[in-house]
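Report on one structure; see the data block that follows.
The values are calculated or read from the model by the stated rules, or taken from the named source; none is laboratory data. Fair warning: this is a prediction, and the values are worked out from it, not measured in the lab. Here the Cβ positions follow ideal geometry from the backbone for every residue, glycine too, while neighbour counts run over all protein chains shown. Surface areas here come from the heavy atoms of the whole protein model, side chains and all, with no ligands, DNA or RNA. Shrake-Rupley method; radii C 1.70, N 1.55, O 1.52, S 1.80 Å.
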Amino acid sequence: MEKLLSVQGLETEFRSREGVVHAVNGVSLNLDQGETLGIVGESGSGKSVTVMSMLRLIPTPPGKIAAGSACFQGKDLLKMSDEEIRQVRGTHINMVFQDPMTSLNPVLTIGRQVTEPLEKIGVGQREAQEQAVKMLEMVGISNARDHLNSYPHQFSGGMRQRVMIAMALITSPKILVADEPTTALDVTIQAQIIELVRQLRDELGMAMIWITHDLGIIAELADRVAVMYGGLIVEEAAVEELFANPRHPYTIGLLGSLPRLDSAGNRRLTAIDGLPPVLLQKPQACPFAPRCTYVQERCFKENPLLAEVKAGHRTACWVNPLPGKDVL
Amino acid sequence: MNVNKGKPRISLLISLVMVGALLLSACGSAASETEAAATTEDVSQVIVVQSADPSTLDPQKAGGSAGGNISFNIFEGLTKQSEDMKEVLPALATEWTAVDDTTWEFKLREGVKFQNGEDFNAEAVKYTVDRMLDPDEANDSSSFKTLQEAVVVDDYTVQLVTTQPDPLIPAKVFGLLILPPQYTEEAGTEEFGQHPIGTGPYKLAEFTPNQRIVLEANDEYWNGRPAIDTLIFRPVAEASTRLAELLTGEADIVLDISPEDIPTVEEDKNVHIEAVDSKRVPYIGMDLLEDGPDFLKDVRVRQALNYAVDVDGIIETILSGYATRLATIYREDFVGFDETLQPYAYDPDKAKELLADAGYGDGDISLKITSNGEIITKGDEVAEAIAGMLQEVGINAEVNPQSYQGIRDMYIGGQEAHVGDALWVWNWGSREPDANSPLSGTMQSTGITSYLRDETLDAMIQDASSTVNTDERIAKHKAIQVYIYEQAPAIFLYDAMDIYGVSNKINWTPRRDQYILGSEMSAAE
Amino acid sequence: MGRYVVKRLIQTVFVLFIISTFVFLLLRAVGDPARLMVSPESTLESIDDLRRKLGLDRPLIEQYGSYMYGIIRGDFGNSYTYDRPALELIKMHIGPTLQLTLVSLLISLPMGLILGCISAIKRYSIFDNIATVLAVFSRAIPSFWLGIMMILVFSIRLKLLPPSGYGSPRQILMPALALGTSMAAVVARLTRSSMLEVLGSDFIRTARGKGLKERVVIIRHALHNALIPVVTIVGLQMGNLLGGSIIIETIFAWPGIGNLLVESINEFDFPVIQATVFIIAVFFVIINLITDFTYVVIDRRIRLE
């Protein structure tokens, strides 16, 4: 069966004062109809850039998509004309961004901003307003009709993120891309939003890519997880498999740094020493090697490729199998 | 990498060069020869551009020349002066005689009507004189200090009675512009200033302050309709804009061309320069009041100052030669002008000698010269040059540049406040071909800008001004010239020329009195 | 809102009171108008006559009293030189000045906005660099010099436009450009930096993410936000425009209040100077008000109080 979305060998780089930063270095991933893919990684791991590149929302210059393809329903988004990609964006693949405080235009009304995607595909103003009201109510904004003429500053952060979600869902997209949509919100609101998204996804039957550095959210939402490090996917597996059987030292580190309610006593959180790399060169060795507890000589010489360790579970590490899985 | 970094700079450089080229092409392109469009164009309209705008056309209010230029087209006096101001010619009066020492009788021209149909007669003359002398009106009557009253003898004969003998009355009544009694009264001061009516060759058609004044030929004019149908006066304060108006053919006559712009005008085929000795005589005033600087009280110092200044050099370099050297403040056209009196020579050694005689060595004298560029043409440059020359003879001279208001406030009626410097640039413009006005204004003790208290000179001036007999007056004026020449109560300079730019389409020569008369213009060829 | 208006009105009255008092005192400190107005070729007595006629022989406090009382009644007295009400003169001259500033605003504002937008969108392109250089030049060049250069180029060399005067549309072009160039430069630079900032903001990414046309993103989403600082500067620059018009009007013989002011200062026409300064102050106040209200229209987050 044809994948809904299939990204192959995506490479993205940025010009900067210090040189060219290689942000994404050959990422491949697939998304099935109705599936939720979680992408996890530290900031700077290239997870946002990957999805932005896919939708060509990278500012160019300084950004540049150097290689790869991103086929949506069989058509390569990266080769589309500006006009064609515009038809995909906001209609079939919609995004919700990280910071609801700044992601809405402060000088336009809520109604205006929510109806824009419909307006673009030729829905009449009256009809678009009706749909907006419906959508806003669906995401839990009461008196939606009265709020059409409100401005973003009259809303709280959580409300704004609901608006963003309504705006992203109003065209019934095939894919919703959520880029750390709850990071800026406090914990209770976070939970509400996640619950809301889960409901809507199930209701509308769309596929979803959820970017986060929070493995807890992934556990709740995702079907499959891709772990990114240094602009590469270092491990990919179904969510239960990944949590139960992490194979990459970085993933193990991430899971180790996740506070677990079920673990006994006052076990120390294991943070990963060191900083994620700034990639001024394409990685020739394993980018995680300098921080890796299990590092071997080979890790500094060759970059391991993603390889299947089990059906549906792929990882990129020379050390396999890992010793001492019991660190968890 | 390098390419990426370098690109913005390269394009910045390119754009800099482009802008530079643009500017250069704007400034440097060869003087585009414009087709001499002086074909047989119909010259029925003459546009005059001057620096100031008259605020009123009421001839008794318009003291400055801007109003005068225009008023003299609408109104007429009893007499008129020739262009060089040497002759007095009949105008609204046909003949005049001195009945006695203090009474002049004028026979008036008959059949003359004002532009509104009112008759011109002796009553109109009397009305005009009464209005001018009315203290409540605060009119400009400075030329007529001696005038006491007008007496109507019959409809066309009028006598002007003076408080003391005044031989200049026939020349002065050129400036006594006659008003229509009935209309003037009905209109009131304000309205009359905006809609004046006279007997002159032109009628006012439009008066828009700061924009334009349009005069149209008076078909009923007693001396025949003038050749030019329409005269338009426009104020343009900025000198370079005035020049542009001339060079683009937008203006036919442009006043107050700067000496440095003369070559530009001369290069253009369509326009030319007209220059005439001005009625204004610049000089460097000296503070000779009791509590003024001591060194100026010594006549040798005052003479030394005159010897130290190279006036001819100033005329050549600063005024491009457009001035006539004078020995005193007497113009060449003044009654009794003494051409035998040689101006002070430029002789710095003699100046030093005189200063040494007076007991002043190098650096003993320090003084300031107040300067301004509007009081006299190139006043700041002239003052700078003089200061430099005075330094040559060991005087610490410094220029004190002032605004037009500043210098006027310092010296007009400023004797009491006495805040002026030792020297200052100044000038005096006399409407009559006689030294009476400048002498009484600048050298007689009671003068408005006089900083001199010399009883001998006061008496000589008083005597000359009330002498009716021409030969006697000439003799007395010659004596005054010698006296002030020797006493040197000023640094004597020159008679600067008024410089006009004139279109080749018209025939017109400027007048010494600065009036611009449409009746004296005609189409060239 | 009502309270705001009342507060502003009280402020305005206070500002105008201070300004009129200041002008009154400043003029009296500069010199004696009778001595400055009298023809230099007149007599000492004529100075006194004039002083009496103009009422300048009265005690200062009395002059001030009648001056203030006059202002309250909308009477600035009669011009010393024109011998007609100062306000009437201002009425004759205000039209051309408003016309000039308005035309120059209509030229410079869109020019500045468009140039600034293109510069921001095509950052570091040749166009952006040329625009930057031009803007720096335009800011640095004094408007009077620009005016004279324009006369040299367009009137004398190219014979395209009349060098000065008032009346035809051809005559307003050069003064309006000379006056507006620096404003256009300021607006262009500010629009550019403001646009750059806005274009990098999250909501622009949101708008692009919605697949909106780039034109819609730029105009509806970016420019609208970028305008907020521009409005402030335009408000401030309007003052410069009025001030600049004094010089420009003199150069181009434009019969506006700038020209009237220069002339009345030269002639020491106190009533006209006082009235002109007062009216210019009123304009400043009005411009500030308009600026404040424009904010509210553009950005609903701002409330006037």
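Remarks
- Derived value for chain B: Kirkwood hydrodynamic radius 25.4 Å. Basis is the mean of 1/r over every pair of different alpha-carbon atoms.
- Pair-distance distribution P(r) for segment C:91-246, from all Cα-Cα distances in 5 Å bins starting at 0: 2, 9, 16, 18, 17, 14, 10, 7, 4, 2, 1, 0 percent.
- For segment A:13-43, accessible area lost to neighbouring protein chains reaches 20 Å² or more, against the chain alone with a 1.4 Å probe, at A:Arg15, A:Arg17.
- For the pair B and C, the buried accessible area comes to roughly 4900 Å² in total, with a 1.4 Å probe and the value rounded to the nearest 100.
- Ranked by the mean number of other Cβ atoms within 10 Å per residue, highest first, peptides A:90-100, A:282-292, A:231-241 order as A:90-100, A:231-241, A:282-292.
- Taken over the Cα atoms of segment A:29-107, the convex hull encloses 147 Å³ per residue.
- Phi-derived couplings, Karplus 6.51 cos²θ - 1.76 cosθ + 1.60 at θ = phi - 60°, listed residue by residue for segment C:60-67: 4, 5, 5, 4, 4, x, 6, 5 Hz, with x used for Gly and Pro.
- Here the translational diffusion coefficient of chain A follows from Stokes-Einstein with Rh set to the Kirkwood radius across Cα pairs; for 4 °C and 1.567 mPa s it amounts to 62 µm²/s.
- Taking trypsin sites (Lys or Arg not before Pro) across segment C:1-96, the ones in a DSSP loop with at most 12 further Cβ atoms lying within 10 angstrom of their Cβ are C:Arg73.
- Solvent-free Debye scattering, log10 I(q)/I(0), computed from the Cα coordinates of segment B:280-495 at q = 0.08, 0.17 Å⁻¹: -0.25, -1.24
- Size-normalised alpha-carbon gyration radius of segment B:272-393, reference 2.2 N^0.38 Å: 1.13
- Cross-link pairs exceeding 18 Å between alpha carbons, from the set B:Lys80/B:Lys172; B:Lys113/B:Lys145; A:Lys3/A:Lys47: B:Lys113/B:Lys145; A:Lys3/A:Lys47.
- The Cα-based radius of gyration of the protein assembly as shown, divided by its Kirkwood radius, gives an Rg/Rh of 1.18.
- Accessible solvent surface per residue of chain B, calculated while the other protein chains remain in place, 1.4 angstrom probe, Å²: 40 Å²
- Applying the criteria of a DSSP loop state and at most 10 other Cβ atoms within 10 Å to the GluC sites (Glu not before Pro) of segment B:329-391 yields B:Glu339.
- The protein assembly as shown - share of DSSP beta bridges that are antiparallel (%, nearest 5): 70 percent
- Cα-based Rg of chain C normalised by 2.2 N^0.38 Å, two decimals: 1.23
- Mean projected area (nm²) of the alpha-carbon convex hull when segment B:145-247 is viewed from all directions: 10.1 nm²
- Taken over the alpha carbons of segment C:31-154 as equal point scatterers, the Debye sum produces base-10 log I(q)/I(0) values at 0.10, 0.16, 0.20 Å⁻¹ of -0.64, -0.93, -1.17.
- Spatial offset of segment C:1-32 relative to segment B:405-441 amounts to 38 Å, using the alpha carbon center of each.
- In this structure the amide hydrogen of B:Lys505, modeled in the peptide plane, comes within under 5 Å of no amide hydrogen from residues 5 or more places off or on another chain.
- Rounded tilt (10° steps) of A:110-120 against the dominant C-alpha axis of chain A: 80 degrees
- Computed with the Debye formula from one identical point scatterer per Cα of segment C:244-297, without solvent, the log10 of I(q)/I(0) at q = 0.22, 0.28 Å⁻¹ comes to -0.80, -1.01.
- From the largest down, segment B:169-307 spans 62, 47, 29 angstrom on the principal axes of its Cα atoms.
- Cross-link partners of B:Lys350 among lysines (Cα-Cα below 20 Å; sequence separation of 8 or more within a chain): B:Lys297
- Available extension along the chain between B:Ser522 and B:Lys113 is 144.8 nm, counting 0.36 nm per residue and deducting the alpha carbon span.
- Backbone N within segment A:51-66 under 18 Å of label point (7 Å from A:Gln8 Cα along the Cβ vector): A:54-55, A:66
- Neighbouring partner chain Cβ atoms per residue of C:164-173, average, 10 Å criterion: 3
- Once the Cβ-Cβ distance of A:Glu83 and C:Lys122 is raised to the sixth power relative to R0 = 25 Å, the FRET efficiency obtained is 0.80.
- Label-zone membership for segment C:275-301, site C:Thr232, 7 angstrom Cα→C-beta point, backbone N under 13 Å: C:292, C:295
- Spatial separation of Cα centroids for segment C:201-274 and segment A:1-37, in angstrom: 47 Å
- Test item: C:252-263 mean partner chain Cβ contacts at 10 Å: 4
- Estimated FRET transfer efficiency when R0 is 22 angstrom, pair B:Asp463-B:Gln342 (beta carbons, to 0.05): 0.30
- Here segment C:182-252 yields Rg over Rh of 1.19, to two decimals, using C-alpha coordinates and the Kirkwood radius.
- The protection proxy used here, the mean number of other Cβ atoms lying within 10 Å of each residue, ranks peptides C:123-131, C:246-254 as follows, highest first: C:246-254, C:123-131.
- Averaged over the residues of A:104-112, the number of partner chain Cβ atoms lying within 10 Å of the residue Cβ comes to 5.
- Interface residues, segment C:66-102 - accessible area loss of 40 Å² or more versus chain alone, probe 1.4 Å: C:Tyr82, C:Asp83, C:Arg84
- Where labels lie 7 Å past Cα in the beta-carbon direction, separation of A:Ala191 and A:Glu302 in nm: 4.9 nm
- Site pair C:Ile298 and B:Lys86 shows an inter-label distance of 7.2 nm when each label is modelled 7 Å from Cα along Cα→Cβ.
- Note on C:Leu196/C:Asp57: beta-carbon distance plugged into 1/(1 + (r/R0)^6) with R0 of 56 Å gives a FRET efficiency of 0.30.
- For segment C:113-146 versus segment C:159-173, the gap between their alpha-carbon centres in whole angstrom: 26 Å
- At 1.002 mPa s and 20 °C, Stokes D of segment B:385-512 from Kirkwood alpha-carbon radius, µm² per second: 123 µm²/s
- Long-range Cα-Cα pairs in segment C:1-73 (distance over 17 Å), rounded percent: 58 percent
- Spacing of the two label points (7 Å from each Cα toward its C-beta) at B:Asp291 and B:Leu133, in nm: 3.8 nm
- Principal semi-axes of the equivalent ellipsoid, √(5λ) from the alpha carbon gyration tensor of segment A:103-172, are 17, 12, 11 Å from largest down.
- Hypothetical label at C:Lys213: residues of segment A:54-96 whose amide nitrogen lies under 14 Å (7 Å Cα-Cβ projection): A:83-84, A:86-87
- Packing rank of B:254-267, A:75-88, where each peptide gets the mean count of other beta carbons within 10 Å, highest leading: B:254-267, A:75-88
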